[in-house]
Amino acid sequence: MIERLRGDGPKFSIEFFPPRDTADEAVLWKAIRELEPYDPAYMSITYGAGGSSRDGTVRSIARVATETTLVPMAHLTAVNHSVAELRNVIGWYASVGVRNILALRGDPPGDVYGEWIPHPEGLTYAEELVQLVRELGDFCVGVSAYTYGHPRSSDLESDTKYLVRKLRAGADFAIAQLFHDPEDFLRLRDRVAATGCDVPVLPGVMPLTTMRTLQTTIKLSGAPAPRKVLDRLEPLADDPKAFRAAGIDVTTELCEKLLAEGVPNLHFYTFNRSKATREVIARLGLVPARA
Ligand code: FAD
């Protein structure tokens with residue numbers, strides 16, 4: 001998969017979450033089918049804290065691998081898994097043709113900021129999961145990165161140190177958590193490059209279509225949105241149509257700046273909807289001729 005990211009010209013990728021029921025499944029598959037002709041570099045499905053959500057990930061990613069032309073990447077976390085169970089899931093992914101894994105530690109179920117207690121026979125950091133996936137076969141491995149540092153990191157210096165350790169443990173690329181100012185992402189990219197590590201870091205982008213999406217991106221990014229973004233969007237809070245139009249403008253401009261800075265791939269968090277992502281990639285000129 002990494003070859004697709006290194007190919008000619010900028011690319012984009014798309015992320016989904018697993019369906020909880022048959023209605024969700026229909027929504028997910030509508031979005032997948034609508035984005036398939038756009039030939040993303042890869043598509044990924046997140047991995048939940050347990051139970052049916054995990055089943056939804058493995059079932060959906062297997063279906064993508066067997067029924068679509070998309071390149072699938074499965075997320076995997078160390079939460080509540082022994083090493084033996086992680087080996088099983090990785091082996092299962094491989095058996096259905098999924099050779100790309102986003103290796104994550106994950107958060108404690110229920111309270112993401114609660115105490116991290118590793119499974120007694122499990123792993124503590126994503127770095128160890130990267131090593132495990134690498135040991136088990138010829139996989140392309142991605143990891144997460146945080147533009148403003150992971151919430152549990154004491155400072156940016158230690159955050160960068162552990163990110164680079166994780167990359168050097170065998171990751172092919174990293175995907176960054178959300179941000180609103182392209183300069184902030186470019187500073188993360190520079191921090192990694194300054195250590196001599198040349199593993200690509202891809203920006204995570206969520207199209208701003210509603211006031212709720214704006215609030216979600218602020219929460220997930222871990223930093224306030226810049227005043228210039230809020231000044232354009234907040235006055236439109238009571239006009240959903242105007243908000244959406246301005247939000248797509250803001251998202252497109254952010255992506256344009258990233259592409260101008262040589263970023264090789266834009267990773268879109270789709271929330272299992274395709275329309276906004278399709279609009280942004282069309283405005284960026286990233287739609288292949290055959291779509
Ligand atoms: P790690 O890289 O292990 O880092 C966790 C913390 O430990 C950081 O503060 C880090 O600096 C520190 N650290 C790392 N190594 C060491 C070390 N050796 N010694 C001391 N400290 C260390 N969550 C899900 O549950 N499912 C998903 O599908 C999912 N997908 C995601 C996709 C993306 C693109 C991103 C950005 C996040 C995703 N997450 C997902 C959230 C992620 O699981 C959480 O943010 C989690 O808290 C950290 O996981 P990690 O892999 O970054 O952890």
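Quick note: the coordinates plus some simple rules give every number you see, no bench work behind them. Predicted, not measured: the structure shown is a model, and the values here were computed from it. Neighbour counts are summed over all protein chains in view; Cβ atoms, including those assigned to glycine, are modelled from backbone coordinates with ideal geometry.
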Look at the range 92-131 and say how many of its residues are more than 13 Å from the ligand (Cβ to nearest atom) and under 15 Å from D172 (Cα atoms).
2
K166 meets each of (1) among the charged types (D, E, K, R); (2) within 13 Å of the ligand (Cβ to nearest atom); (3) over 18 Å from the mean Cα position of the chain (by Cα) with one exception, condition (3)
Elements of type strands (runs of 3 or more DSSP E) contained in the range 1-106, each with 3 or more residues being in contact with a Gly (Cβ under 9 Å, 6 or more places away or on another chain):
72-77, 100-104
Hey, P10 within 16 Å of the ligand (Cβ to nearest atom) and surrounded by 14 or more Cβ atoms within 10 Å (Cβ to Cβ) or not:
no
Extreme residue, farthest from the ligand (Cβ to nearest atom), among residues of the range 151-163 that are assigned to a loop (DSSP other than H, G, I, E, B) and out of contact with any helix residue (DSSP H, G or I) (no Cβ under 6 Å at 6 or more places or on another chain)
D155
Using the structure shown, decide if L188 is in contact (Cβ under 8 Å) with a residue 12 or more places away in the chain, surrounded by fewer than 16 Cβ atoms within 10 Å (Cβ to Cβ) and within 16 Å of the ligand (Cβ to nearest atom).
no
Kindly evaluate T147 against the criterion of being over 30 Å from P240 (Cα atoms), within 12 Å of the ligand (Cβ to nearest atom) and buried (at least 18 other Cβ atoms within 10 Å of the Cβ).
no
Out of all the residues in the range 111-126, is one or more within 22 Å of I2 (Cβ to Cβ) and either of a type in the set (A, V, I, L, M, F, W, C) or surrounded by 14 or more Cβ atoms within 10 Å (Cβ to Cβ) (or both)?
yes
Pick out the one residue from A225, A174 that is among the small types (G, A, S) and not in a loop (DSSP other than H, G, I, E, B).
A174
